[in-house]
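Chemist: One structure, pasted below without further comment.
Where a number appears in this text, it was derived from the coordinates with a stated rule and is not lab data. Given the structure is predicted, the values throughout are model-derived calculations rather than measurements. Methodologically, a virtual Cβ is constructed for each residue, glycine included, from the backbone with ideal geometry; neighbour enumeration extends over all protein chains shown.
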Amino acid sequence: MPRRFDRLDDVWPAGLGRRLGAMLYDGLLVLALWILVAGAHVAVSRLALGLPPERVGLGVAQVWSLRALMAFSALGFFTYFWTCGGMTLGMQAWRLRVQTADGHAIGWRQSLVRCVVGALAFLPLGLGHLWVLFDGERRSWSDIASGTRLVVLPRRR
């Protein structure tokens, strides 16, 4: 059974400003992760595959393998943090937590749906994330599709 969070009466739906702040923080963390992934990809290409420096990054296999590694690393980053503690490092800084509608920690399936829909929500000029301005419950498309809520936690006393 998933963990139930406490103090549910003290939380409220997150607005757009906090969401964007957490996205910026987490975006910088994912960028750092991608730099590590790209460095490892270059190292494997050079050392394990024996490619000369001028051939690294050329060809369909090189390009698509790096893209897949970057996508899976970002997916892994978010799903790990959301399922283990309900928040990423950027969400901790902005006092945000993702949870189910009844206050439980989200599962892997919900986390994967949230990630995919959240990424696709940027395509129509960010409308999927701006949706919190129009939804009465302040939900984005990823919240609606995954059955989750992004809430603001109270300050620690």
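Chemist: Could you size up the charge dipole of the chain around its Cα centre, putting +1 on the beta carbon of Lys and Arg and -1 on that of Asp and Glu, and report it in debye to the nearest 20?
Modeler: Charge dipole, the chain, about its Cα centre: 320 debye, nearest 20.
Chemist: Taking the Cα atoms of segment 66-157, report the difference between the largest and smallest coordinate on each principal axis, in whole Å and largest first.
Modeler: Taking the Cα atoms of segment 66-157, the three principal extents are 45, 29, 22 Å.
Chemist: For the chain, with a Gaussian network of springs between Cα atoms less than 10 Å apart, report the residue from A14, A121, A22 with the top mean-square fluctuation.
Modeler: Most flexible of the set in this elastic network: A121.
Chemist: If you don't mind, another one. How big is the equivalent ellipsoid of the chain along its three axes, where each semi-axis is √(5λ) from the Cα gyration tensor, reported in whole Å from largest to smallest? Don't jump to the answer; show the numbers that get you there.
Modeler: Values: eigenvalues 239, 53, 37 Å².
The three semi-axes for the chain are 35, 16, 14 Å.
Chemist: Please give the contour-minus-distance gain from V63 to A101: 0.36 nm per residue of separation, less the Cα-Cα distance, rounded to one decimal in nm.
Modeler: Working: separation 38, 0.36 × 38 = 13.68 nm, distance 3.99 nm.
Working it through step by step, the gained length comes to 9.7 nm.
Chemist: Name the residue, out of V98, V44, V117, whose mean-square fluctuation peaks in a Gaussian network model built on the chain with Cα pairs under 10 Å.
Modeler: V44
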